[in-house]
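Peer 1: Starting off with a structure, shown below.
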Amino acid sequence: MDPAVTLVSAIELNQVQAPVALYLQRLAPSSRQTMRYVLQDAADRLGVEDVAIDDFPWHQLQPGHITALVAALREDGYAPNTSSLYVNAIRGVMNQAWQQNLITQDHLLKVRAVKAGGGSRLVKGRNLRRNLIRELMDVCAADPRPQGLRDAAIIAILYGSGMRKSESVNMDLWQVDVAQRSLQVLGKGNKELIKFAPAWAFEKLEAWLAFRRANLPEGVSDDEFLFNRIRRGNHITRERITKHAIYYIAKQRGKQVGVDIMPHDFRRSFITRVIEEYDVSIAQKLAHHANIATTVSYDVRDDNERRNVTDRFLL
């Protein structure tokens, strides 16, 4: 008997997962929770409340349903990018439904034809200048707790390489090459990327790792990952730090220097500085953006800098 036939016959139909489950499995862990929330909110808005997204009949959605969802999001003041997130999530589920022969290709094409709507919003976030980064390094250096060394290393790597917070959280020791000053990360779309950081950023990272190793009990091996959770009492756990903790660190350290900081501001500032000092094509390569328009959208030079340019237009 053909092994393939045996394999297929051994799979019960009730073991085949729902399209939404297959779609979510394709996503990176960092995106899975966000898209699950988006799909649950979409289901609620479509009038099927209190039903888990795994039980929602996604394959029965018609283009008109998605158009109505987009209109509802617009009425509630959602930004165009957010509407696109909802539409793309539904498209992803419907694509899985088509692969499972739950809908026809014609049905799928009609769904794909629905647009999220045009428009844009002003870019949020701020440009963290070099003097502000120095201030952040100073407040971390003044912190006698283990958090001081750890937070300085996190900020240095985020700002120095322009990586995303999820990438820094998931990094392991083997992905760090001190000699080459490079960091191998798993980026969006499950792509392996090489990022580079300046020597001063690696000095902060090495200082943290040396401190962590020095505080391990004799005979205990080092952790595989870069950044640990630190509990009350300054106890360095053997647990990997979370994205939420990165958010808290950025907010807390920003508050110490009198600035409201979001973790993504470090990436925005990295890209903006490369655009300022080199050009947008170099920034695109370092940010690993497929589209240069995405890189341009990260330019967060403030209104004063743009105003100074127009002030030079004298009569």
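Peer 1: With the cut-off at 1.5 for a/c, could you classify segment 202-259 from its C-alpha gyration tensor as rounded, prolate or oblate?
Peer 2: Because a/c hits 1.5 or more and a/b exceeds b/c, segment 202-259 counts as prolate.
Peer 1: Under 15 Å from the Cβ of Arg238, count the other residues' Cβ atoms, weight Lys and Arg +1, Asp and Glu -1, and hand me the total.
Peer 2: Net charge around Arg238: +1.
Peer 1: Once the piece of chain linking Arg229 and Asp138 is laid out straight, how much longer is it, given 0.36 nm per residue of separation minus the C-alpha distance between them?
Peer 2: Stretched out fully, the Arg229 to Asp138 stretch lengthens by 30.6 nm.
Peer 1: Mind checking the angle between helix 80-99 and the chain's longest principal axis? C-alpha axes, 0 to 90 degrees, to the nearest 10.
Peer 2: Its long axis makes an angle of about 50 degrees.
Peer 1: What do you get for Rg/Rh over segment 13-112 if you use C-alpha atoms and the Kirkwood form of Rh?
Peer 2: Using only Cα positions, Rg/Rh for segment 13-112 is 0.94.
Peer 1: Hey, another quick one. Evaluate the distance, in nm, between pseudo-label points positioned 7 Å from the Cα of Ser297 and of Tyr37 along their respective Cα→Cβ axes.
Peer 2: Here the modelled spin labels are 1.9 nm apart.
Peer 1: Suppose we take every Cα in segment 130-304 and form the convex hull; what volume per residue is that in Å³?
Peer 2: Looking at segment 130-304, the number lands at 123 Å³ per residue.
Peer 1: Give me the lysines in straight-line cross-link reach of Lys115: C-alpha distance below 26 Å, same-chain residues under 8 apart excluded.
Peer 2: Lys115 reaches Lys124, Lys188.
Peer 1: What nm distance separates the two modelled labels at Thr104 and Asn215, each placed 7 Å from Cα along Cα→Cβ?
Peer 2: My value for the distance between the label points is 6.5 nm.
Peer 1: Let me ask something else about it. Looking only at Cα atoms, what is the convex hull volume of segment 178-277 per residue, in Å³?
Peer 2: Once divided by residue count, the hull of segment 178-277 is 157 Å³.
Peer 1: Build a GNM of the chain with springs between Cα atoms under 10 Å: which of Phe56, Phe196, Phe227 gets the top mean-square fluctuation?
Peer 2: Judging by the Gaussian network model, the answer is Phe56.
Peer 1: What residue among Arg268, Arg26, Arg126 has the largest mean-square fluctuation in a Gaussian network model of the chain, using Cα springs under 10 Å?
Peer 2: Arg26
Peer 1: Take the chain, drop everything but the C-alpha atoms, weight them equally and run the Debye formula without solvent; then report log10 I(q)/I(0) at 0.12, 0.15 Å⁻¹ to two decimals.
Peer 2: Taking Cα atoms of the chain as identical point scatterers yields -0.99, -1.23.
Peer 1: Relative to the longest principal axis of the C-alpha atoms of the chain, give the angle of the C-alpha long axis of helix 63-75, reported between 0 and 90° and rounded to the nearest 10°.
Peer 2: 40 degrees
Peer 1: May I pose another question? Relative contact order (percent) for segment 13-112, with alpha-carbon contacts under 8 angstrom and 6 or more residues of separation?
Peer 2: Reported as a whole number, the value is 34 percent.
Peer 1: Taking a threshold of 23 Å on the Cα-Cα distance, which of the pairs Lys195/Lys243; Lys165/Lys191; Lys243/Lys285; Lys251/Lys285; Lys204/Lys285 fall above it?
Peer 2: Distance filter (> 23 Å) returns Lys243/Lys285; Lys251/Lys285; Lys204/Lys285.
Peer 1: Just grab the label-to-label distance for Glu75 and Trp174, each label 7 Å out from Cα along the Cβ direction, in nm (one decimal).
Peer 2: 5.4 nm
Peer 1: Test of understanding: what is the full-extension gain from Lys191 to His264, defined as 0.36 nm times their sequence separation minus their Cα-Cα distance?
Peer 2: Full-extension gain reported as 24.3 nm.
Peer 1: Turning to a different aspect of this structure: Suppose the chain between Asn88 and Arg238 were pulled fully straight at 0.36 nm per residue; how much longer would it get relative to their current alpha carbon spacing?
Peer 2: Stretched fully, the Asn88-Arg238 segment lengthens by 50.3 nm.
Peer 1: Could you calculate the FRET efficiency of Asp222 with Gln256 from 1/(1 + (r/R0)^6), where r is the beta carbon distance between them and R0 is 35 Å, rounded to 0.05?
Peer 2: Taking R0 as 35 Å, the efficiency between Asp222 and Gln256 is 0.75.
Peer 1: Expressed as a rounded percentage, what relative contact order does the chain have, with Cα pairs under 8 Å and six or more residues apart?
Peer 2: Computed over the chain, the figure is 16 percent.
Where a number appears in this text, it was derived from the coordinates with a stated rule and is not lab data. Everything numeric in this text was worked out from a predicted model, so none of it was measured. Glycine also receives a Cβ, built like all others from the backbone with ideal geometry; neighbour counts cover every protein chain displayed.
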